[in-house]
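Right, one structure below, let's go through it.
The values are calculated or read from the model by the stated rules, or taken from the named source; none is laboratory data. For clarity, every value in this text was computed on a predicted model and none was experimentally measured. Cβ coordinates were reconstructed from backbone atoms using ideal geometry, including for glycine residues, and neighbour counts include every protein chain displayed. Heads up: the accessible areas ignore ligands, DNA and RNA and are worked out on the full protein's heavy atoms, side chains in. Shrake-Rupley method; radii C 1.70, N 1.55, O 1.52, S 1.80 Å.
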Amino acid sequence: RFELAFAGEAASRVPAPSSGAPVRVTIEDAVRCPRYGAALVHGVTVAPSPFWLRYRLQNLGVRAISNLVDATNLVMLEHGHPIHGFDLARVKGSAIIVRGATPGESMQTLDGTTRQLEAGDLLICDGERPVALAGVMGGLDSEIRTDTRDVLIECAFFQPQAVRRTSRRVGLHTDASHRFERGVDPRGVQRVLARAAQLIADLGGGVAVGTAVEVIASESPARRIELRAGSVQALLGVDVPVAICE
């Protein structure tokens, strides 16, 4: 069981979140979720996205929804790493718990369908109930809505096999599951969270609070790839200094 709590001071012009408490992240399944990161943005306002964002998403085949949701989709497309935004006010108990489902559990996903869960499914839960089917789709009860003011951003690494198994079992193939099934960079959580928090704060007129946290339940060593500098230059068509390739 791995856990970490954090809280930050919001700028004086932004009210504190309604919960007024730290968010505690706990990983109970280190195999299926080696890493889980979270960041907070307070004082946002949900509105239509600016034209540049709607235009960019349209060209990438993604439907614009709102500034906050569109920001999460853009970051996913930029980094190839899915993220999810929760309405902090709807995260009960100021807690995020990553655990396996228990037989007989169910949850309603964002598409309005009630899913019957099995022991092989990995869940993101708050202090009371599941709020997301890990790596596949978020829950309807904790989604970002028009009255959302505080956003909890999730960025994690989920075991590809676990996401693939759940996605196929429930018959739900999403942009997130498509990427998690093929593997994302487990060491990129902090980078992706920083970009997401900055973009959501800018688009929503809010403030990113404190420092994003990352709970590491099991290490993911960096992979070393051997290649020739000449091959890099031939592929890119430009002269790349050897030092950059090391």
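Could you say whether any residue in region 113-121 is over 27 Å from residue 47 (Cα atoms), assigned to a loop (DSSP other than H, G, I, E, B), touching a strand residue (DSSP E or B) at 6+ places or on another chain (Cβ under 7 Å) and of a type in the set (A, V, I, L, M)?
Pass one, region 113-121, residues over 27 Å from residue 47 (Cα atoms): 114-121.
Remaining after also requiring assigned to a loop (DSSP other than H, G, I, E, B): 117-121.
If we keep only those that are touching a strand residue (DSSP E or B) at 6+ places or on another chain (Cβ under 7 Å) too, we end up with 117, 119, 121.
With the extra rule that they be of a type in the set (A, V, I, L, M), the set shrinks to 117, 119.
Yes.
Given (1) over 27 Å from residue 109 (Cα atoms); (2) in contact (Cβ under 8 Å) with a residue 40 or more places away in the chain; (3) out of contact with any strand residue (DSSP E or B) (no Cβ under 7 Å at 6 or more places or on another chain), where does residue 224 come up short, assuming only one miss?
In the conditions (1) over 27 Å from residue 109 (Cα atoms); (2) in contact (Cβ under 8 Å) with a residue 40 or more places away in the chain; (3) out of contact with any strand residue (DSSP E or B) (no Cβ under 7 Å at 6 or more places or on another chain), residue 224 misses (2) alone.
In the list 192, 215, which residue meets the criterion of being within 14 Å of residue 155 (Cβ to Cβ) and at pLDDT 95 or above?
Values: 215 fails: at pLDDT 95 or above.
Residue meeting the stated conditions: 192.
Within region 153-183, can you find the residues that are under 15 Å from the mean Cα position of the chain (by Cα) and crowded, with 24+ Cβ neighbours inside 10 Å?
Hits for region 153-183 are 153, 154, 155, 156, 157, 158, 163, 176, 177, 180.
Confirm whether residue 199 is open to solvent by less than 40 Å² (accessible area, probe 1.4 Å) and among the hydrophobic types (A, V, I, L, M, F, W, C).
On the way: open to solvent by less than 40 Å² (accessible area, probe 1.4 Å): yes; among the hydrophobic types (A, V, I, L, M, F, W, C): yes.
Here the answer is yes, as residue 199 does meet what is asked.
Do we have any residue at all in region 126-142 that's hydrophobic (A, V, I, L, M, F, W, C), over 18 Å from residue 215 (Cα atoms), touching a residue at least 60 places away in the same chain (Cβ under 8 Å) and in contact with a strand residue (DSSP E or B) (Cβ under 8 Å, 6 or more places away or on another chain)?
No, region 126-142 has no match at all.
Can you go through 201, 208 and tell me which one is of a type in the set (A, V, I, L, M), assigned to a helix (DSSP H, G or I) and either touching a residue at least 40 places away in the same chain (Cβ under 8 Å) or closer than 30 Å to residue 149 by Cβ (or both)?
Details: 208 fails: assigned to a helix (DSSP H, G or I).
Exactly one of 201, 208 is of a type in the set (A, V, I, L, M), assigned to a helix (DSSP H, G or I) and either touching a residue at least 40 places away in the same chain (Cβ under 8 Å) or closer than 30 Å to residue 149 by Cβ (or both), namely 201.
Output the number of residues of region 47-60 satisfying the condition of being open to solvent by 30 Å² or more (accessible area, probe 1.4 Å) and either closer than 21 Å to residue 186 by Cα or among the polar types (S, T, N, Q) (or both). Steps first, answer last, please.
As a first pass, look at region 47-60 and keep what is open to solvent by 30 Å² or more (accessible area, probe 1.4 Å): 47-48, 50-52, 54-56, 58-60.
Narrowing the set further to residues that are either closer than 21 Å to residue 186 by Cα or among the polar types (S, T, N, Q) (or both) leaves 58-59.
Qualifying residue count for the region: 2.
Going through 208, 217, 212 one at a time, which residue ends up being in contact with an Asp or Glu (Cβ under 9 Å, 6 or more places away or on another chain), buried (at least 17 other Cβ atoms within 10 Å of the Cβ) and aliphatic (A, V, I, L, M)? Don't jump to the end; show me each part of the working.
Numbers: 208 fails: in contact with an Asp or Glu (Cβ under 9 Å, 6 or more places away or on another chain); 212 fails: in contact with an Asp or Glu (Cβ under 9 Å, 6 or more places away or on another chain).
Step by step, each of 208, 217, 212 is checked, and only 217 is in contact with an Asp or Glu (Cβ under 9 Å, 6 or more places away or on another chain), buried (at least 17 other Cβ atoms within 10 Å of the Cβ) and aliphatic (A, V, I, L, M).
Criterion first (free of Cβ contacts under 8 Å to residues at least 60 places away in the same chain, in contact with a helix residue (DSSP H, G or I) (Cβ under 9 Å, 6 or more places away or on another chain) and under 18 Å from residue 195 (Cβ atoms)) does residue 35 satisfy it?
Numbers: free of Cβ contacts under 8 Å to residues at least 60 places away in the same chain: no; in contact with a helix residue (DSSP H, G or I) (Cβ under 9 Å, 6 or more places away or on another chain): yes; under 18 Å from residue 195 (Cβ atoms): yes.
The answer is no for residue 35.
Residue by residue, here is whether (1) assigned to a loop (DSSP other than H, G, I, E, B); (2) open to solvent by 10 Å² or more (accessible area, probe 1.4 Å) holds:
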site	(1), (2)
33	yes, no
45	yes, yes
62	yes, yes
77	no, yes
82	yes, no
89	no, yes
93	no, yes
96	no, no
102	yes, yes
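Inside region 217-232, can you point out the residues that are in contact with a helix residue (DSSP H, G or I) (Cβ under 9 Å, 6 or more places away or on another chain) and either outside any loop (DSSP other than H, G, I, E, B) or closer than 30 Å to residue 98 by Cα (or both)? Reasoning before the result, please.
As a first pass, look at region 217-232 and keep what is in contact with a helix residue (DSSP H, G or I) (Cβ under 9 Å, 6 or more places away or on another chain): 227-229, 232.
Result: 229, 232.
Looking at (1) within 20 Å of residue 215 (Cα to Cα); (2) open to solvent by 10 Å² or more (accessible area, probe 1.4 Å); (3) not aliphatic (A, V, I, L, M), can you tell me which one residue 112 breaks?
(1)
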